[in-house]
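Single-structure report; data block below.
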Amino acid sequence: MTMSVSPDRVAAAPALGALPLVCRHCGRNADAAPVAICDDCLGPLEPVYDPARALPDRATIAGRAPSLWRYREWLPLAGEPIHSRDTGCTPLVEAPRLARRLGIARAWIKNDTVSHPSLSFKDRVVSVAINAAAAFGMRTIGCASTGNLANAVAAQAARAGLDAWVFIPHDLELGKVAATAIFAPHLVRVRGTYDDVNRLCAQAADRFGWGIVNVNLRSYYGEGSKTMAFEIAEQLDWRLPSAVIAPMAGGSLVTKLRKGFGEFLGAGLVEGTLPRIFGAQATGCAPIARLVERGDDEIVPEQPRTIARSIAIGNPADGRSAARVIRETGGWASHVGDDAIVAGIHTLAEDCGVFAETAGGTTVAAALALARSGRLLPDDELVLCITGHGLKTLEALGDLAARAPVIDARLREVAALATAAGSESA
Ligand SMILES: *Cc1c(COP(=O)(O)O)cnc(C)c1O
Ligand SMILES: [Zn+2]
C-alpha cells in the first residue's frame, strides 16, 4: 500500500454532501437542507436515494471496515464521512437462557450498551447527523435530549472540534448529566419535561442556525437508526429474525428498523419476510403502546412519570408511524411498570451478562409480558435491541453494595460464607 496520495486523487475526492429530501405525506421534493418539515403540509421530510445507485453485495460489505459506514449506500450522504467514522458494529450476543425464559426458540441481544463512543444507540444517529452538519458547513450542533442523545452529541462534537449546545430536562440522572458535562459542551438544564425542552430547541435552531440533530437535522439523523437493522441481518449471517423488540421514545428507532430490514430485503441481501416488530414502553409514559392497544391513529400526549427517563417522551414525534409499523408487521406493543423494569435489568444481567439502563430493563420486561400473553411464539427467533448502558441509571437499582457482606481478610470468614451458600466444593 502506498502512503502518498497523488494530487489529482485529492482533487477528485468528492466533497461531503447531503442527499435531497422528499415529504413523506405529500411527496413534495426539497433540496438538501437542515429542514425536517415540509413547507406545504408540515409532514416529515425524508432523504431521497437514487434508485439506480450501485449497491454492494454481501462480500463487499463484509470486506469493509467494522463501522456503520459499511452500509453507506443506505445513509443520506454523498462522499466520504469526515466525523465519527468508527461508530457502529456492536455485538449481537446469543442469549439461550433468556430464550428459555421467554419460551421461544432463540434470542439474541443487540448490545448497543457498548456503543462507541457514548454507550448508547444514539451514537448511530449522531454519527450521521454530525456529518450532515458538516455537509451544510455548520460549526455548531445541538440537541434536545432525555440523556443518551446529550451524551452522544457532546462526545462526538468534542472529538470533531465543533461547538455543542445540549438541552436536557433539569432533573436528569447524574450519570447522564456527568457523561455529557465531561465533554464540556454548552449544557443547559431546562425546567420542564422533554417536550418543553424540544419546543425550546426548535426555536433556538431557527434563531441561531444551529444544527439541532433531532430537530432541523432530523431527516438525516433518523436514518442512522437503520444501521441497527443492517447489523442484525449481517450478524445473523444474512438472515432476518422472526421478531425484534425495541424500546420506544419518540418512536423513530422502531420505524427505522422496519425501513432498514425492508431495504435489505429490497436489495436482495436477505430473503424471507419482515420480522414482526414489537415496541416497549414504561407504563408511566406509554403513548405509543396505548395507541397500538386502542387501534386508532392519534397520539394522546402524556405527562411522563417513570424511572425510564431515556424513553419518557410524552408527545412522540414518530409515534403514529411507529404504531403503524408495529401493526403492519404483525407485532405488538407492551408497557411495563417501574418494578418490572428494575427486574428486567437484573434478568438481563443475570441471564446474559449485559448491564443495561432502564430502557433495556423495559425491553426485557416487555418481552416477558408479550411471551406470557402469547404474542411471542415457541418457534420465534427474537432480537432484543438493548440500547443504553446500566452505569448511566444507577439510581434505579438502589443500594446494590448493601447486599454484599463485608468481612475481615480471613479465610475462615470466607469459609463461613461458602458453607452458608453451599459452595464449599467447586
Ligand atoms: C432514544 C432512545 C431510544 C429510542 O428512541 P426513539 O426516539 O424511539 O428512536 C431507545 N433507548 C434508549 C436508551 C434511548 O436513549
Ligand atoms: Zn408535504
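The values are calculated or read from the model by the stated rules, or taken from the named source; none is laboratory data. Keep in mind it's a predicted model, so treat the numbers as computed, not measured. We place every Cβ from the backbone using ideal geometry, glycine too, and count neighbours over all the protein chains shown.
The single condition among (1) farther than 20 Å from Met248 by Cβ; (2) of a type in the set (D, E, K, R); (3) surrounded by 13 or more Cβ atoms within 10 Å (Cβ to Cβ) that Lys392 does not meet is (1). More than 16 Å from ligand 2 (Cβ to nearest atom), over 17 Å from the mean Cα position of the chain (by Cα) and aromatic (Phe, Trp, Tyr) - does that describe any residue in the stretch 226-237? Within the stretch 226-237, not a single residue is more than 16 Å from ligand 2 (Cβ to nearest atom), over 17 Å from the mean Cα position of the chain (by Cα) and aromatic (Phe, Trp, Tyr). Per the listing Leu102, Leu68, Leu98, the residue uniquely within 16 Å of ligand 1 (Cβ to nearest atom), buried (at least 19 other Cβ atoms within 10 Å of the Cβ) and within 25 Å of Cys352 (Cβ to Cβ) is Leu68.
Close Cβ contacts (under 9 Å, 6 or more residues apart or on different chains) running from residues in the stretch 13-25 that are within 16 Å of ligand 2 (Cβ to nearest atom) to residues that are modelled with pLDDT of 95 or more and among the polar types (S, T, N, Q) comprise Pro20/Asn29; Leu21/Asn29; Leu21/Ser219; Val22/Asn29; Cys23/Asn29; Arg24/Ser321. Evaluating Gly344 against the criteria (1) in contact (Cβ under 8 Å) with a residue 40 or more places away in the chain; (2) closer than 18 Å to Thr363 by Cα; (3) of a type in the set (Gly, Ala, Ser) leaves one unmet condition, (1). Of all residues in the stretch 262-275, none satisfies being modelled with pLDDT of 95 or more, surrounded by fewer than 21 Cβ atoms within 10 Å (Cβ to Cβ) and closer than 24 Å to Thr193 by Cα.
What strands (runs of 3 or more DSSP E), lying completely within the stretch 39-154, carry at least 1 residues that are β-branched (Val, Ile, Thr) and more than 22 Å from Ala243 (Cα to Cα)? Don't jump to the end; show me each part of the working.
Working: elements: 45-47, 92-94, 106-111, 140-144.
Output list reads 140-144.
Tell me the helices (runs of 4 or more DSSP H) entirely within the stretch 187-266 that contain at least 3 residues that are touching a strand residue (DSSP E or B) at 6+ places or on another chain (Cβ under 6 Å), acidic (Asp, Glu) and farther than 30 Å from Ala365 by Cα.
Working: elements: 194-208, 218-221, 226-235, 252-266.
Result: empty, no element qualifies.
Scanning the stretch 223-239 for residues that are within 15 Å of Glu381 (Cβ to Cβ) and away from ligand 1 (no atom under 16 Å from the Cβ), we see that the one that is surrounded by the most Cβ atoms within 10 Å (Cβ to Cβ) is Ala233. Does Leu162 satisfy the condition of being touching a Cys at 6+ places or on another chain (Cβ under 8 Å) and within 28 Å of Arg72 (Cα to Cα)? Criteria not met by Leu162. Close Cβ contacts (under 9 Å, 6 or more residues apart or on different chains) running from residues in the stretch 370-395 that are in the same structural domain as Arg258 (by TED's automatic domain parsing) and part of a strand (DSSP E or B) to residues that are among the basic types (Lys, Arg) and away from ligand 1 (no atom under 16 Å from the Cβ) comprise Glu381/Arg106; Glu381/Arg239; Leu382/Arg106.
Got a number for residues in the stretch 292-313 being surrounded by 18 or more Cβ atoms within 10 Å (Cβ to Cβ) and either within 13 Å of ligand 1 (Cβ to nearest atom) or of a type outside the set (Asp, Glu) (or both)?
Looking only at that region, the number is 11.
What's the total number of residues in the stretch 276-291 that are touching a strand residue (DSSP E or B) at 6+ places or on another chain (Cβ under 7 Å) and surrounded by 24 or more Cβ atoms within 10 Å (Cβ to Cβ)? Explain how you work it out, then say what you get.
Quick first cut of the stretch 276-291, residues touching a strand residue (DSSP E or B) at 6+ places or on another chain (Cβ under 7 Å) only: 276-283, 286, 288-289.
Those still in the list that are surrounded by 24 or more Cβ atoms within 10 Å (Cβ to Cβ) too: 277-282, 286, 288-289.
Qualifying residue count, the stretch 276-291: 9.
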